[in-house]
Every structure is written in structure tokens, then in C-alpha cells.
Amino acid sequence: MDCTVAGIAPSAAPQVDFALVGHPESWSAAADVFSALRGPEQTPLPDDEIRDILPWIPPRAVCRVAVKSIAAAEAHGLYIDSFIPPDRLDAGCVQENLTRVRAAAAYAIKAGARIVSLGGFSSILLEGKFDQLPPGRATVFTTGNTLTVAFIVQGIEKMCALQGRNLWQSTLLVVGATGDVGSGCVRCLAGKVRRVQLVARNVERLRRLAVELEGEGVEIEIGTDLAQFSEQADLAICAASLPSPSLLLDNIAADALVCDAGYPKNLSPDAETSRATVFFGGLGQITGGLTFDPDLRGILNHHPFPDVAHGCLLEGIALTLEGRFESFSRGRGAITPKLVEEIEMIAARHGIYLAPFFNGDGPLPLTMK
Amino acid sequence: MDALMEMQPLTESDFSDSPIWQDVLAQAVTGELVAAMNYEALAGICDDPEEAGQAWEHSAIERSHAVAFAAAGRNIGVDVVSNVDGRHWKRLREAFLRCVAERDIIGCLIVQEIMLESFALASYARVAIVAPGSLGKVFGAIAADEQEHADHAMAILKAERDADPERFDDKLHRLHLEVMTTLAAMLAKECKDGHCEVCQSSCVKPSLFEVNLSAALLRGASLQQYIKTLDALGLPGEVTLAWIAQLPV
């Protein structure tokens, strides 16, 4: 299909195998999309105009997505933006944002998508309550969190190998440990480290997770105060966005390895206050082929490497390429090492691998120690 | 329209913002008169007497809306002066008349029912929320009336699109570039091309915040109504999003 930005879509409805539901990570990300849609001949919209217009746009497809597998399969889908304004991701706007996610889901169902990945805050808002989504007889939903966990764990293991760290002797701090992604990471890594420190807001959930891990033979500490643990950890996974990066980075061990797996990602290493290595986790790269129509590559997925996307979105794509239209991740803290291994294998079979390492400053060198 | 009959005279002190409402009403009356003239012109190219009769009927209804808005103005002690030759309204009218000249009934319906009515319906609904007393009721009642018109036209337009989506979308895009560009300029936060020739003195937009409105709010609501209408017709969302993104601000 050749659907130019200003042009008209052809009359025949193109095939839609999957849909990816997302939202702008920031106002600058939204501005980039608007600028691309306006085209080079028009001046970009001023920031204040984007802030005025975006909240009025109903959830809709931003572009069509075509993916090729290294195993010769192909899939076609839509990237649907719920247009949740980036400054309204807080708790006060939950109902308003849920309405947007439901409308995005309805859009995907109407388009005929067989599987829908709920990216970013979309799945966090739902808290696994898929029954809050509109019913679609031929459409299933997945949070995509299992593949996110897979890429986080792969990232930690690969970085440790690259940096010559002994994972077995490490103290792992997981922030947001009781969430769907955080608990999945804990289950996958608890048996591979010496000690785990679990931080979350809900003490009761922390206790339950600690009990679950008792059989792993790992030393477990739980707490709600990040400052209580952070300076003892040499590995950290931040599975929840922190109000301020300094909460973690100012207290972490000087040479710690930190995986920023929150959404949006906001841990930027400050050379003056921290020598920690920070990398963005949970991201994968499609190697078989990825095209957007209109061509928003590098705009929707603004990363220093091509064809990189969040694991949550890639899970729906991998399942589509595999022909497995099922709610693989349901977002209720049920991610197990077995499921992680399974989705890893599915993704790898179609050429979807861990993304190269980078953080807010750009690509990270492959060997740092 | 029953609400129009329930208007009670209010004292001047109830409407300290009268100059603002005067300009808001002037835009509304002008829009209704343009709509009435558009339907009259449409009636002239309808071969089917029944369709022509419906167009005349719509014209009369739009004219009654203009009368009701003018009466609402008098009720708060302001004279509502319309100007169908005002800068933007004249261009909108000319776009419609080009469709008439081509005897393009579908084009006429697209301009009037999808574009102008989206703007009217969304704006009136927003004004109805904040306008005091009977003035709010008038805007609310007319917004409901306009919704009925739009529903009727949508059935015709949907059938037309279903028959040949590519041709329909091509026509809609051409008219979008012409009409929505003008409407976007009207709804821009500032009138960059000079006075609109409808507001009584200076531009009303900077004062709208005094009555809990803003040009940005009216533009946002109007664009949302428009894009939802295009969705209902079945146009692809990624295409209409690009159209909206390309409008002037």
C-alpha cells in the first residue's frame, strides 16, 4: 500500500493482523509525530498548539505497520495512539485515560485486529482487568509484559557478561517489585543472584512475593523505602518510573548496573553524582523487516538504533508471526520463568532479539570494563 | 426548539459580559444565515422535488435558528449584527457555491453537513454549557436541532461512500483543503489575517476566557466533532489524523 501522509487510503480495507496501542511518551515525542504528519513543506506546530489540539483527538491509527519474520512469515497491523496527554498520566486522570484505552481497543476491534498489544500505560491502567475492554469475538489482548520481562532479564545478564560482573555474587534491587513486570523479573533472576532487595509501595504484596521466593535459596529483603537499600545493590532494575532519577542514582553503589525499565524512562546518569551504568531495558529489535506507512520509523520509535521497540508491543507482533492469537500476558503478576522462556523462543524464531544497549545519552559501548 | 419559547427576560446585570455574547451571537447568526442560503442554493440543483422540498425546509429551519439567536441577543440587551460577507464566511459560502455550480449535491452536503455543521454543533454545545440562563438554553436547543440534520445527511453520505470509497474520499479531501483550512483559520487562537468583519469591535477571541470559553476549546471541540464524523463515514483514522495535523493554526 502506498498511503502518503496527505493522500487517500485505497478503498479495499487492508489486512490487520495485529494492533499496537500506545500513547505519546512526552510532548516532544508528540510534536515529532505531528511534524512528520504535517510534512516538510509546512512549519512544525508550536508546542502550545500541540498541547491544545492533542487532547481532543479521539484514539485512532497513526500508521500501518508491516513486519517480516526471518522465518518468512509476514504480518500487518496498526499503531493506534490513545492520545493520552503526556502530562495526564497521573492518578487523577485514571478514568479519563481508561476511557481512551477502551476507545483505542474498540478501534482495534473494528479494524479487525486479531491480537492487540497494550503498550506503556495502557496495560498499567487496566491492571489486568481485560473485562473492562470492549468485547471483540475475534480479538484478544495482551499486555506484552512477558516479552518485556524477557528483554530486561536478557539485558541484565548480557551486561553482566560484558562488564565481567559475577551475577551469582550480586545484590539485585528491584524497584516496583510487586508489579507485573517487576515480579516477573524477580522470579526470573532471584535464583541467579546472591541477594534480592524488593521495593514497592504495598507491604502485603511484598510479603507474598517474598514467601513465593523462599524456595530459591536466595537472601531476600523487602521494604517500601528505596533509600533503605539502594546503596547496597550492585544491580538494579527500575520497573516503575521514579518521580526523580536522583532517588535511585544518588544513593546507588558507585559502579552499579541499572536497568531503567520504567515507562516513561527517566533515569539519566549524571556524571557528577553517579558512576553507575544505566541502560534502557525491556526493548527489542526486529531484524526481519519493519515498515511504517506513513513512514514514521525513528519518530514513533525514537531510539538510537533502527527498528527498536518496547517489548510489550513486540510481544503482539511475535505472537502474530507465530500464528498464536492468544492473551499471552494478562497483567496479573503471573509472569513465570517458563512463560518468559517460551515468548523469548517465539520472538527469536522470528528475528526479534534484545535491542542494542543505549540510554538517554545514546548508544552504550559494548565493553565498559 | 421548545426551549426557545421559554425565554424569560433577564436584567442587564445578569449579562455583564454582553459585548462578548454579542460577538458570539453575531458569529452564530451569520453561520445560520449562510447555512440557510446554502440550502436554498442546494434546492435549486435538486432534480427530485422531494429532495428540493427537504432543502427548502432545512433552509427555513436554519433561518429560524438565526432568528432565535437574534432574539436571544435582544433578550440580553444587545443588537446582533450579522455579516455573511465577512472575510471567512464569504470564503466558506463561495466554496459551497462552487459545488452548486458543478451541480454536486454530495459536495454540497459534505461542506454543509460534515464541515460547517461539525463546527456549529460542537461550538454551540460548548457555548450552551457556559452561557447564562436562557441564552444557554437557546444554544443547547439549536445544537440538538443541528444534530438531527447531521444524522439525516450522514445516512445519505455513508451510502455514497460505500458505493465508491475512493472517489468519495478524494472529493472529501479536496473540499477539506478548501473549507477546513478556512474554518481552521476562523478557529485559530489569533486572527492573523486581520479582522473577521463579524465581531463588533476588536476580535472577541482574547476575551472568551471571561465567559469560560476559549478559541482553543472551540477549535478542539469542533475538530473532534469533525474527525468523529469522518470516522462514522468510515474514513481511515490514520488518513484523517494527517489531515487534521496539516491544518493551519
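The values are calculated or read from the model by the stated rules, or taken from the named source; none is laboratory data. All figures in this text were calculated on a predicted structure; none of them were measured in a lab. Note that each Cβ is placed from the backbone with ideal geometry, even for glycine, and that neighbours are counted across all protein chains shown. Side chains included, ligands, DNA and RNA excluded: accessible areas come from the protein's heavy atoms. Shrake-Rupley method; radii C 1.70, N 1.55, O 1.52, S 1.80 Å.
Taking the simple approach of a point 7 Å from Cα along Cα-to-Cβ for both A:Gln169 and A:Asp361, what is their distance in nm?
2.6 nm
For peptide A:41-47, compute the average count of partner chain beta-carbon atoms within 10 Å of each residue's beta-carbon.
Mean partner-chain Cβ count within 10 Å for A:41-47: 2.
Output needed: percent of Cα pairs per 10 Å distance bin for the range A:39-82, bins running from 0 to the one holding the longest distance.
So the P(r) values, bin by bin, are 21, 31, 28, 15, 4.
Give the calculated FRET efficiency between B:Ala71 and A:Ala29 to the nearest 0.05, with a Förster radius of 60 Å applied to their Cβ-Cβ distance.
So, using R0 = 60 Å, E works out to roughly 0.75.
Over the range A:159-296, what is the relative contact order in percent, taking alpha-carbon pairs closer than 8 angstrom and at least six residues apart?
Relative CO of the range A:159-296 lands at 20 percent.
Enumerate the whole-percent occupancy of each 20 Å bin, from 0 to the last occupied one, for all C-alpha pair distances of chain A.
Going from the shortest bin to the longest, the percentages are 30, 58, 12, 0.
Using a simple spin-label model with points 7 Å from Cα along the Cα→Cβ vector, what separation in nm is obtained for A:Glu41 and B:Asn212?
A separation of 4.4 nm, rounded to one decimal place.
Using only the alpha-carbon atoms, how far is helix B:165-175 inclined from the longest principal axis of chain B? Give it as 0 to 90 degrees, nearest 10.
Compared with the principal axis, the helix lies near 40 degrees.
Could you work out the helix-only [θ] at 222 nm for chain A, with each DSSP H run of four or more residues adding -39,500 (n - 2.57) and the total divided by the number of residues, to the nearest 500 deg cm²/dmol?
After summing the helix terms and dividing by residue count, I get -9000 deg cm²/dmol.
Provide the FRET efficiency to the nearest 0.05 for the A:Met345-A:Glu127 pair, computing r from the beta carbons and using R0 = 41 Å.
0.90
How high is the FRET efficiency between B:Ile129 and B:Leu177 when r is their beta carbon distance and R₀ equals 35 Å, given to the nearest 0.05?
Working: r = 32 Å, r/R0 = 0.90.
Once the sixth-power term is evaluated, E becomes 0.65.
Work the Kirkwood hydrodynamic radius out for the protein assembly as shown: mean of 1/r over every pair of different alpha-carbon atoms, inverted, in Å.
Hydrodynamic radius (Kirkwood, Cα only) of the protein assembly as shown equals 26.8 Å.
Which value, in Å², gives the accessible area per residue of the protein assembly as shown when a 1.4 Å probe is used on the protein heavy atoms?
For the protein assembly as shown, the per-residue accessible area is 41 Å².
Helix A:311-322 versus the longest principal axis of chain A: what angle, 0 to 90°, nearest 10, using Cα atoms?
With both axes taken from Cα atoms, the answer is about 60 degrees.
What's the Kirkwood radius of the range A:1-149 in Å, using all Cα pairs?
When all Cα pairs of the range A:1-149 are included, the Kirkwood radius is 16.4 Å.
Can you tell me the length gained on complete extension of the stretch A:Ser246 to A:Gln228, counting 0.36 nm per residue apart and subtracting the Cα distance?
5.1 nm
So how much slack lies between B:Gln147 and B:Lys90, counting 0.36 nm per residue of separation and subtracting their Cα-Cα distance, in nm?
Between B:Gln147 and B:Lys90, full extension yields an extra 18.1 nm.
A:Lys192: which aspartates and glutamates have alpha carbons under 16 Å from its alpha carbon, excluding same-chain residues fewer than 8 sequence positions away?
A:Glu157, A:Glu212, A:Glu214, A:Glu216, A:Glu219, A:Glu221, A:Asp234, A:Glu341
Using only the C-alpha atoms of the range B:204-247, find the volume of their convex hull and express it per residue in Å³.
Roughly 70 Å³ of hull volume per residue.
From the backbone phi of the range B:134-146, what are the Karplus-calculated ³J(HN,Hα) couplings (6.51 cos²θ - 1.76 cosθ + 1.60, θ = phi - 60°) in whole Hz, Gly and Pro given as x?
These are the phi-based 3J(HN,Hα) values: 5, 4, x, 5, 4, 4, x, 5, 6, 4, 5, 4, 5 Hz.
Bin width 10 Å, alpha-carbon pairs only: give the P(r) of the range A:175-293 as whole percents, running from 0 to the bin holding the largest distance.
With a bin width of 10 Å, the distribution comes to 13, 44, 29, 10, 3, 0.
Hey, could you grab the Kirkwood Rh for chain B? Inverse mean 1/r over distinct alpha carbon pairs, Å, one decimal. Working shown, then result.
On the way: mean 1/r = 0.0545 Å⁻¹.
Kirkwood hydrodynamic radius for chain B: 18.3 Å.
List, in the order given, every pair from A:Lys129/A:Lys158; A:Lys110/B:Lys205; B:Lys158/B:Lys189; A:Lys158/A:Lys338; A:Lys129/A:Lys265; A:Lys110/B:Lys171 whose Cα-Cα distance in the structure shown is over 31 Å. Please list the in-between numbers first.
Numbers: A:Lys129/A:Lys158 34 Å; A:Lys110/B:Lys205 39 Å; B:Lys158/B:Lys189 33 Å; A:Lys158/A:Lys338 19 Å; A:Lys129/A:Lys265 25 Å; A:Lys110/B:Lys171 25 Å.
With Cα atoms farther than 31 Å apart: A:Lys129/A:Lys158; A:Lys110/B:Lys205; B:Lys158/B:Lys189.
For the range A:294-351 and the range B:147-172, write down the distance between their C-alpha centroids in whole Å.
Rounded to whole Å, the Cα centres lie 39 Å apart.
Do the sum for chain B: with -39,500 (n - 2.57) for every DSSP H run of n ≥ 4, divided by all residues, what is the mean residue ellipticity at 222 nm, to the nearest 500 deg cm²/dmol?
Computed ellipticity for chain B at 222 nm equals -22000 deg cm²/dmol.
Compute the long axis of helix A:337-349 from its Cα atoms, compare it with the longest principal axis of the Cα atoms of chain A, and write down the angle in degrees, 0 to 90, nearest 10.
The answer is roughly 50 degrees.
At a 1.4 Å probe, what is the % contribution of carbon and sulfur to the accessible area of the protein assembly as shown?
Taking all protein chains in place, the protein assembly as shown shows 52 percent carbon and sulfur surface.
Normalised by the residues of the range B:173-238, what does the relative contact order come to in percent, with Cα pairs under 8 Å and at least six apart?
Across the range B:173-238, relative contact order equals 25 percent.
Using modelled amide H (1.01 Å from N, peptide plane; none on Pro or chain starts), what sits under 5 Å from the amide H of A:Ile220, excluding residues fewer than 5 places away?
For A:Ile220, whose amide H was placed from the backbone, the distant partners under 5 Å are A:Val196.
Seen from all sides and averaged, what is the projected area of the convex hull of the Cα atoms in the range B:168-223, in nm²?
4.5 nm²
Scattering from the C-alpha atoms of the range A:177-243 alone, worked out with Debye: what is log10 I(q)/I(0) at q = 0.25, 0.28 1/Å?
-1.25, -1.60
Kirkwood Rh over Cα pairs of the range A:97-226 into Stokes-Einstein at 37 °C, 0.692 mPa s: D in µm²/s? Could you put the intermediate results ahead of the total?
Values: Rh = 16.5 Å.
Value of D from the Cα-based Kirkwood radius: 199 µm²/s.
Please compute the modelled spin-label separation between B:Asp164 and A:Ile70, points set 7 Å along Cα→Cβ, answer in nm with one decimal.
4.9 nm
Sum up the charges of everything whose Cβ sits under 12 Å from the Cβ of A:Ala254, counting Lys and Arg as +1 and Asp and Glu as -1, but leave A:Ala254 out. List each step's numbers first, then the result.
Values: positive: A:Arg275; negative: A:Glu231, A:Asp234, A:Asp250, A:Asp255.
In short, -3.
By DSSP, what percent of the beta bridges with both residues in the range A:1-137 are antiparallel, rounded to the nearest 5?
Counting DSSP beta bridges with both partners in the range A:1-137, the antiparallel share is about 45 percent.
Using Cα pairs closer than 8 Å and at least 6 residues apart in sequence, work out the relative contact order for the range A:194-237, in percent.
So the answer I get is 49 percent.
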